[in-house]
Amino acid sequence: MINTRQQEAISPVLVTGGAGYIGSTLVGLLLTQHIPVRVVDNLMFGGEALLGYLSNANFELVVGDICDTNTIDRVLSGVRSVVHLAAVVGDPACAQQPELATRINRDASELLYEKAVDAGVRRFVFVSTCSNYGRMDSTLDFVDETSPLEPVSLYAELKVAFEKKLLSSTATSCVPVILRFATAYGLSARPRFDLTVNEFTRELVLNRPLEIYGERFWRPYCHVRDLARACLLALTAESDTVSHEAFNVGDTEENYTKKDLISLILKELPDKKRNVSYVRRDEDPRDYRVNFDKIKATLGFTVTRHVTDGIREIIHALHTGIITNPDSPRYRNIGSG
């Protein structure tokens, strides 16, 4: 007879959106830990990020839509843990396609969790966002997991709505864990250049003029590989430690304004200073510095990379020609047809 712990060890982790920017990085990390992985993804942005895993006996790909009930039933079969990444990601993408965003980020997410409970899933990790905090009361403040959630975009509103659904769940057999990610940066197998650090670096490497709006507003930043590491910690931590808990994911020292980011980039590209200009804008509703003490104290999470590391990655990838067309629509989550 196979006991529960043995069953969990051999059962695949389901990663929704596993072909994406963060998902493909997480898949690689799980496989290096000899954890079987099942990915479900509609391959909206292609599946090349997964090519290196196709011959791995611990990897399975299901091409499908999580809005489809039959697909959800199929991918949950035999699964004991889920990392839910699939979504219309980011404020611009959700604003551009609000009906699709609502259908995927809210309706499909709720259905996925309900079916996960019914299927006997024991751990459900939901990837949320620090954008849920909206705006600080004071520029001297830091928000943390006890701060009120005040979303100012459809993207954050949908994340908050599903968080509330999970935290109110009484299904004790399926432990929900919420990870509120800082703004991602850095290279992954599915690169993105519509993220602030990556975009700013690209523009200056390519010697383009760069106009910065709202340079004084704060955001936290975290490397894509560290975000993936946080998912692994959330999957493997003791249930009593993470059940019905939300964790900000990042590092308190990695909060920056846009002007700060430009300063870091110009340290690597000092001859591009003339390319940068600033436009005063006061109406950006998002402005938040985030404290990350909880995940450090509870799960022992610390970042292994900093914004400067990500900037250097992008510069290297573009200077060497590894990425030949960084303007391609495939490298952003909006405007891809």
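The values are calculated or read from the model by the stated rules, or taken from the named source; none is laboratory data. Since this is a predicted model, take the numbers as computed values, not measurements. Note that each Cβ is placed from the backbone with ideal geometry, even for glycine, and that neighbours are counted across all protein chains shown.
Values as computed for the structure displayed
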read-out	value
Top-ranked residue in the range 161-197 [being part of a helix (DSSP H, G or I) and in contact with a Leu (Cβ under 8 Å, 6 or more places away or on another chain); ranked as surrounded by the most Cβ atoms within 10 Å (Cβ to Cβ)]	VAL197
Strands (runs of 3 or more DSSP E) wholly inside the range 236-330 that include at least 3 residues being farther than 17 Å from VAL197 by Cα	245-249
Flag if ALA156 is farther than 21 Å from THR257 by Cα and small (Gly, Ala, Ser)	no
Contacts under 9 angstrom Cβ, first residue in the range 162-182 being basic (Lys, Arg), partner at pLDDT below 95 and part of a loop (DSSP other than H, G, I, E, B), 6 or more apart	LYS164/LEU149
Criterion violated by LEU158 - all others in (1) of a type outside the set (S, T, N, Q); (2) assigned to a helix (DSSP H, G or I); (3) free of Cβ contacts under 8 Å to residues at least 60 places away in the same chain satisfied	(3)
The listed residue being at pLDDT 95 or above, over 24 Å from ASN291 (Cα atoms) and not polar (S, T, N, Q), out of LEU179, LEU227, LEU206	LEU206
Given (1) under 22 Å from LYS159 (Cβ atoms); (2) modelled with pLDDT of 95 or more; (3) in a helix (DSSP H, G or I); (4) aliphatic (A, V, I, L, M), index of the condition VAL40 fails	(3)
One residue from VAL62, VAL79 being at pLDDT 95 or above, over 28 Å from VAL152 (Cβ atoms) and either of a type in the set (Phe, Trp, Tyr) or in a loop (DSSP other than H, G, I, E, B) (or both)	VAL79
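Every residue, every condition in (1) more than 28 Å from ILE334 (Cβ to Cβ); (2) assigned to a strand (DSSP E or B); (3) touching a strand residue (DSSP E or B) at 6+ places or on another chain (Cβ under 6 Å), yes or no:
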| position | (1), (2), (3) |
| --- | --- |
| VAL15 | no, yes, yes |
| TYR21 | no, no, no |
| ALA57 | yes, no, no |
| ILE66 | no, no, yes |
| THR71 | no, no, no |
| ALA95 | no, no, no |
| LEU100 | no, no, no |
